[in-house]
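Okay, structure first, notes after.
The values are calculated or read from the model by the stated rules, or taken from the named source; none is laboratory data. This one's a predicted model, so the numbers in the text were calculated from it and none came from an experiment. All Cβ positions, even for glycine, are placed from backbone atoms using ideal geometry, and neighbour counts span all protein chains on display.
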């Protein structure tokens with residue numbers, strides 16, 4: 001058995017389970033060892049019921065004294081009550097859809113129950129806690145999973161893998177780096193990250209692995225930076241865009257004028273422009289993109305605008321058609337769901353130059369799409385696209401100028417790290433007459449009042465969103481609201497006199513398009529949705545958003561969601577519903593209620609959020625970071641940047657033997673990111 005051995009050499013892993021691991025990108029022992037825990041259950045200090053803190057996750061050791069019969073609540077939902085004692089106080093434990101878990105509990109036997117604890121006059125309560133054997137010690141790893149795998153299974157296989165292959169783990173950092181930055185060995189880090197015996201061992205393992213990831217990331221970005229700018233591009237003539245700007249029907253902000261000038265200056269150079277335009281929701285990025293497309297058209301070049309969804313691509317097409325109609329500039333669209341005959345007609349028009357500006361999705365990068373004279377590429381919501389996709393579109397022209405746009409506010413210092421190969425323009429000014437969205441944080445008891453609010457808006461002809469963190473209920477999600485269940489419930493009860501629609505990520509693109517179009521045309525008054533509407537169609541008539549279980553979202557994600565309302569001339573509202581009484585959670589959500597400035601929200605997110613993905617999804621187009629977090633591990637990132645500079649000054653191409661393993665690691669990282 002070695003690091004290259006297939007998982008089937010491990011006890012309990014047959015072909016069926018091996019396929020489940022493959023879904024997680026794990027094909028051999030080495031990849032299994034690098035499948036790091038997403039968190040831990042801290043069993044180092046089991047508490048008595050009296051010691052447990054209200055609304056905080058904790059481990060309570062107690063003996064089961066009583067089990068109720070499992071009873072159905074409604075179709076697909078059952079509940080079982082279990083009582084336990086630590087000989088001083090009692091605890092009532094509620095299990096949802098967990099018959100097998102409850103059946104396995106023996107009366108008179110002691111267990112560790114891990115979960116959120118709520119204090120009651122008679123003792124305490126827990127809702128669907130994790131049940132752990134009292135033989136477990138230290139920190140119990142909790143792994144990223146797929147359906148059919150449990151953390152218990154992964155832990156068992158991980159222990160066997162470390163036992164048999166731990167000695168094969170190769171060191172990737174040279175001795176001088178380990179010593180200078182006080183880092184443990186790679187083998188020690190792997191053992192410590194999976195099964196730490198104490199918090200100090202866990203922290204040392206994290207430090208080593210995070211440092212190594214940041215080091216490889218920084219070296220990789222340094223070695224590839226500027227690679228796309230080596231080719232000579234098209235230098236545009238500095239023609240006026242004044243007529244177009246005057247035709248918009250609104251006055252551009254100072255920030256918009258500044259960014260347009262920055263882009264025009266770049267496009268008049270033979271070095272291809274590569275610029276990030278970062279602006280808060282509603283700051284006017286589309287107008288800037290349009291001005292740049294007009295500039296390209298006047299210079300005789302085509303422009304392509306790639307969006308992450310068909311809904312957004314269609315919205316851009318409609319907006320741009322209105323803007324360019326007075327100038328006789330033809331706008332087209334190319335998406336995956338179009339009929340073959342429609343696609344072929346659009347492709348011919350792009351190839352002949354009949355279409356000057358085209359919006360679309362990934363369909364734009366298909367091999368058979370040819371441009372007559374592509375001079376400008378714009379990608380909207382850049383983090384949703386990989387570098388390979390951006391480069392594929394770039395190959396459709398002769399080193400075209402590139403703009404990437406993002407409405408995800410990122411603190412300036414972090415933006416320079418994430419987008420090191422791009423020049424950055426920040427829109428820090430909102431258009432005049434934009435009415436800020438009023439945001440309220442309320443407890444679940446006020447959910448009915450929120451729905452009444454929605455109903456009243458519907459009577460006035462206005463529309464609302466209701467956002468849920470999940471699609472459908474399962475044992476792990478209870479008692480969270482779920483989009484499918486909630487849509488069915490309110491359509492038949494609270495909002496029975498409204499047209500209610502449902503939108504979620506598992507729907508087919510054509511179905512999503514149909515629902516979103518119905519909402520855009522006001523044929524639906526209420527849209528129950530998951531975060532799929534975070535980047536979506538512009539509906540000025542939508543004036544209210546209710547977000548269930550708001551604590552499940554990151555602050556920046558909540559800010560993006562809120563940006564779906566307040567796009568018209570009416571006062572708009574966002575109601576955050578959260579039953580979490582944890583002071584930290586409440587303080588975090590209050591940030592959203594107090595400010596509509598996305599950059600302030602991002603800064604607070606940086607300060608308040610624990611480890612996790614700042615964007616709510618992995619940053620596309622950058623090397624995948626398994627352990628490191630760009631927001632919370634910023635000091636280690638700075639240290640790694642310093643170490644990278646020292647290494648490159650001594651070995652610019654990483655050709656020395658001492659850096660061979662590190663160089664191999666970087667190549668693998670860049671290949672995975674398609675850079």
Residue in the range 24-34 that is farther than 26 Å from residue 100 by Cβ, touching a residue at least 24 places away in the same chain (Cβ under 8 Å) and in contact with a strand residue (DSSP E or B) (Cβ under 7 Å, 6 or more places away or on another chain) present:
yes
Filtering the range 326-376 down to residues that are assigned to a helix (DSSP H, G or I), farther than 14 Å from residue 395 by Cα and touching a residue at least 60 places away in the same chain (Cβ under 8 Å) yields 326, 327
Strands (runs of 3 or more DSSP E) wholly inside the range 121-212 that include at least 3 residues being over 30 Å from residue 15 (Cα atoms) and more than 28 Å from the chain's Cα centre (by Cα):
123-127
Of the residues in the range 1-22 that are touching a strand residue (DSSP E or B) at 6+ places or on another chain (Cβ under 9 Å) and within 16 Å of residue 149 (Cβ to Cβ), the one that is surrounded by the fewest Cβ atoms within 10 Å (Cβ to Cβ) is 18
Residues in the range 23-45: is at least one surrounded by fewer than 16 Cβ atoms within 10 Å (Cβ to Cβ) and over 30 Å from residue 160 (Cβ atoms)?
no
Give the residue, chosen from 546, 500, that is modelled with pLDDT of 85 or more, over 28 Å from residue 598 (Cα atoms) and crowded, with 22+ Cβ neighbours inside 10 Å.
500
Would you mind finding the one in 577, 592 that is buried (at least 21 other Cβ atoms within 10 Å of the Cβ), modelled with pLDDT of 70 or more and over 22 Å from residue 280 (Cβ atoms)?
577
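Which one of 621, 610 is at pLDDT below 80 and surrounded by 15 or more Cβ atoms within 10 Å (Cβ to Cβ)?
When all the criteria are applied, what remains is 621.
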Inside the range 562-598, the number of residues satisfying the requirement of being part of a loop (DSSP other than H, G, I, E, B) and under 23 Å from residue 457 (Cα atoms) is 12
Across the range 1-25, what is the total count of residues that are outside any helix (DSSP H, G or I) and more than 20 Å from residue 192 (Cα to Cα)?
11
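Provide a single number: the residues in the range 258-277 that are farther than 20 Å from residue 315 by Cβ and touching a helix residue (DSSP H, G or I) at 6+ places or on another chain (Cβ under 8 Å).
Final tally of qualifying residues: 11.
Where residues in the range 91-113 are more than 35 Å from the chain's Cα centre (by Cα) and not in a loop (DSSP other than H, G, I, E, B), which of them is nearest to residue 51 (Cα to Cα)?
That would be 91.
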Say whether the condition of being touching a residue at least 12 places away in the same chain (Cβ under 8 Å), assigned by TED's automatic domain parsing to the domain that holds residue 350 and over 27 Å from the mean Cα position of the chain (by Cα) is met by at least one residue in the range 272-287.
yes
Filter the range 91-129 down to the residues that are in contact with a strand residue (DSSP E or B) (Cβ under 6 Å, 6 or more places away or on another chain) and under 15 Å from residue 56 (Cβ atoms) and list them by number.
91, 113, 114, 115, 116, 117, 118, 124, 125, 126, 127, 129
Hey, any hits in the range 13-36 for a residue that's under 29 Å from residue 584 (Cβ atoms) and not assigned by TED's automatic domain parsing to the domain that holds residue 551?
yes
Quick check on my filter: what residues within the range 71-90 are part of a loop (DSSP other than H, G, I, E, B) and in contact (Cβ under 8 Å) with a residue 60 or more places away in the chain?
76
Matching residues in the range 52-84 (modelled with pLDDT of 95 or more and farther than 18 Å from residue 124 by Cα) number 0
